[in-house]
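Here is the structure we will look at.
Readers should treat all values here as calculations from the given coordinates under stated rules, not as data from a laboratory. All figures in this text were calculated on a predicted structure; none of them were measured in a lab. Here the Cβ positions follow ideal geometry from the backbone for every residue, glycine too, while neighbour counts run over all protein chains shown.
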Amino acid sequence: MLIWGLAQAALAAAPAPAVPTGEGVTSYPPAFFASAHPNTAMDMIGRLPGFTLDTGSGVRGYEGAAGNVLIDGQRPASKTDDLGSLLSRILASQVERIDLIRGGAPGIDMQGKTVIANVVRKTGAGGWNLLVHYADQTTPDGRRFPFLRLEASGAVGKRNWELSFDPGEFLDDSVGDGPLTDVNADGSARNVAHIHTNARGAQLPLTGAIETPFAGGQLRLNTRLFSQTYNSNELDSFSRPSGLTEHDHIDDNKFQTELGGRFVRPLGARLRLELVALRQTRHEVTADDFAAPGDRDQFHLLSDNAETIGRAVAKFQQRPALSWEAGGEYALNTLDSATRLAHNAAPLQLPAADVRVEEKRWEAFVKAVWRPIAPLTVEGAVRQEGSRIASSGDVVLEKTLYFTKPRLAVTWEVDPDTQLRLRLEREVGQLDFNAFVASASLVQGVVTAGNPNLEPQQDWAGEIALERRFLGSGDLSLTYRHLKITDVVDRAPFGDFDAPANIGDGTEDDAVANLTLPLDRLGLKGAQLRGDFTRRWSQVTDPTTHRPRPITVLHPTDWDLHYTQPVGAFVYGVDIYGGWQETTFRFNQIQVVKQGTNVTPFAEWKPRPDFSFRIELDNVTARGRHNIFQNFAGSRAAAPLDLIEERRVHPSRIIYLRVRKTFSG
């Protein structure tokens, strides 16, 4: 509230082209974004006051994987083609407006979100567009990573088409060079080494879509092929003991396919039917080879995933202030995995090494959005989920799960610029198929067993949010969230290994602040400062020590800050992604990962609407990554601390150059 008060006192309101509708919806036309010279809808989304893009999750099924952006009022009928890529393919010149829906509105499926953006494209324009995007990343040691993006779209009558081809190479910015030290429990040094790591990859995505009138409605078909190769090499050269070297090589290759479709047809003036079908597959091969004098460990994982989804939804607008939605979906998911681990060519037994998992999952739901009086919006939903999971191979089991998931969200417009939102919901997580199979990081000495016998994590979530808009394009929102969790999915002993497991009940509390601050009053016309901050507190009982501790991997703090300033045909600024820390509690080890703050200044020149040139200095501060492994001689409950290993690496700075040219006809 102090930031809000200072902003109100320091700044004077500037004319804003945003148009409030009085129904929890604010429309932002192209004029609102004009000073920032956006290239794409993605650039425009980044300027929306009080909005942070959520690209969705990779969970199985369609209902729970949604992001927080609609395109022409519809959710994309794709899961592997993320929202960021879709928005980057929509040129700013094709956008008629962006509607920001806060708290819900009749006729809008909020998809479980409290804030939704709807990108509305222009219609009837015809013609075609071709975007040529070339980027080049260069590190100080001369490594180059070129990237080419070709995106074409157009319309022929009432038919629209899209095509994207984005071949390129990329750098893994989580690795680099630095020191390694092993310290005994008494503080004496055992090993000292220098780490040298190089990791890179290449990808080849091809995406296409067509949308056309069909059978009295609108049909959209989309497809995507994606191929990626990745390899990393690490050489650890020890000065203590002198002359010892260790080498680790990882290869990870994957190939994905997706074919999806959505059909929308009105069934009268107030009723609409929506059908979605989707099929995706993924084939992945991972190999990790670790060699040291007298020792060689090899890990190999082959996995094949497939998902088939069918979904039907009926949407009924009973009256302007009341809408209903009912439907269901069915999904068939399969996983086939084969894992091998060997030490000096001798095979080692891993729990759940060879597993086939099949999940048949269904969900039925009813939702309603009601506006009983002008300032008040009530959203209610009940979802019933059922699944049958069967595992064969090394682990043979079969179980059926049922969950009822109610949701109630209430939004109160205190005044035209102030909104209070309340939410109560039962949330049910989804079992991660990756947790069913064994995995390893040999260079870190970590081998994880698979565990197909998991229950989904569940919680009751209570949330309150206060949002205040000011100065036309300024926004401050404060959110507090409490989760009462059952069946926490964490880590526990599994024979001689560590594995994912349900470890009991827990809690999580989140405090979130989001700020969008215009800086025109300071003489910085069109400048904008955006920031997001999240603080988390969590607690669960450790299954090894039986003492309270935080939930594994949950970041205590996340934050980011973004400044942009247009000056004529130039836009410059800086993106700052705050450092974070995460802790993993294994039965014989505690791993702490600390990542430093990433600072990336940039400048972009846009002399014409169809041409731009951008330069970025990625990771200009060469932020570090610090891994700490506290290794115990056995179970942490009784065994003493044996060794502390610290690995510090500093990923490379990168010079990023990008040229964009749009052709139209």
- What distance in nm separates the simple spin-label points at Glu582 and Leu150, each placed 7 Å from Cα in the Cβ direction? 3.7
- Item | Rough spin-label spacing in nm, given labels placed 7 Å along Cα→Cβ, for Asn231 and Ala633 | 4.2
- Compute the signed sum of charges (Lys and Arg +1, Asp and Glu -1) over the other residues within less than 15 Å, Cβ to Cβ, of Trp324. +4
- Item | Amide proton proximity set for Gly73, modelled H, under 5 Å, gap of 5+ | Val119
- Task: Return the whole-Å distance between the Cα centroid of the stretch 600-635 and the Cα centroid of the stretch 108-182.
- Result: 17
- With θ set to phi - 60°, apply the Karplus curve 6.51 cos²θ - 1.76 cosθ + 1.60 along the stretch 343-350 and write out the HN-Hα couplings as whole Hz, x wherever there is a Gly or Pro. 10, 6, 6, 8, x, 10, 7, 10
- Message: From the convex hull of the Cα coordinates of the stretch 269-319, what is the mean projected area in square nanometres?
- Response: 6.0
- Neighbour net charge for Gly168 - beta-carbon separation under 12 angstrom, K R +1, D E -1: +1
- Query: On the first, second and third principal axes, largest extent first, how far apart are the outermost C-alpha atoms of the stretch 207-360 in Å?
  - Reply: 80, 30, 29
- Note on the structure: Taking 0.36 nm per residue of separation between His194 and Thr418 and subtracting their Cα-Cα distance, the length gained on full extension comes to 75.1 nm
- Message: Given R₀ = 51 Å, what would the calculated FRET efficiency be for Gln203 paired with Arg319, taking r from the Cβ atoms and rounding to 0.05?
- Response: 0.55
- Unit-weight point scatterers at every alpha-carbon of the stretch 378-450, Debye formula, q = 0.17, 0.24 1/Å: log10 I(q)/I(0) is -0.82, -1.10
- Between the modelled labels at Phe170 and Ser239 (7 Å from Cα along Cα→Cβ) the distance in nm is 3.6
- If you average the sequence gap of Cα pairs under 8 Å that are 6 or more apart and divide by the length of the stretch 2-664, what percent do you get for the contact order? 11
- Task: Would you mind working out the magnitude of the charge dipole of the chain relative to its Cα centre, with +1 at each Lys and Arg C-beta and -1 at each Asp and Glu C-beta, to the nearest 20 Debye?
- Result: 2460
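Set the Förster distance to 41 Å, then compute FRET efficiency between Tyr134 and Lys484 from the Cβ-Cβ distance, nearest 0.05.
Calculated value: 0.20.
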- Item | Net length gained if the chain between Gln349 and Thr181 were fully extended (0.36 nm per residue, minus Cα distance) | 57.4 nm
- In Hz, Karplus ³J(HN,Hα) per residue of the stretch 369-374 (6.51, -1.76, 1.60; θ = phi - 60°; x = Gly, Pro): 10, 10, 10, x, 9, 3
- Determine ³J(HN,Hα), in whole Hz, for all residues of the stretch 272-286 in sequence, where each value follows from phi through the Karplus function 6.51 cos²θ - 1.76 cosθ + 1.60 and θ = phi - 60°; x replaces Gly and Pro. 9, 10, 10, 10, 10, 9, 8, 9, 9, 9, 8, 10, 9, 10, 10
- For semi-axes √(5λ) of the Cα gyration tensor in Å, with candidates (1) 47, 26, 23; (2) 38, 30, 25; (3) 42, 31, 27, the value calculated from the shown model is option (3)
- Query: By how many nm would the segment from Thr55 to Leu657 lengthen if fully extended, with 0.36 nm per residue of separation less the alpha-carbon distance?
  - Reply: 214.2 nm
- Query: Long-range amide H contacts for Leu267: which residues qualify at under 5 Å (H placed 1.01 Å from N, peptide plane, sequence gap of 5 or more or a different chain)?
  - Reply: Arg272, Leu273
- Note on the structure: Distribution output for the stretch 310-362: share of Cα-Cα pairs per 10 Å bin in percent, first bin at 0, values 18, 23, 18, 15, 12, 9, 4, 0
- Message: Show me the trypsin sites (Lys or Arg not before Pro) within the stretch 264-343 that DSSP assigns to loop and that have at most 14 other Cβ atoms within 10 Å of their Cβ.
- Response: Arg270
- Query: Applying 1/(1 + (r/R0)^6) with R0 = 22 Å to the Cβ-Cβ distance of Asp72 and Tyr572, what FRET efficiency is obtained, to the nearest 0.05?
  - Reply: 0.10
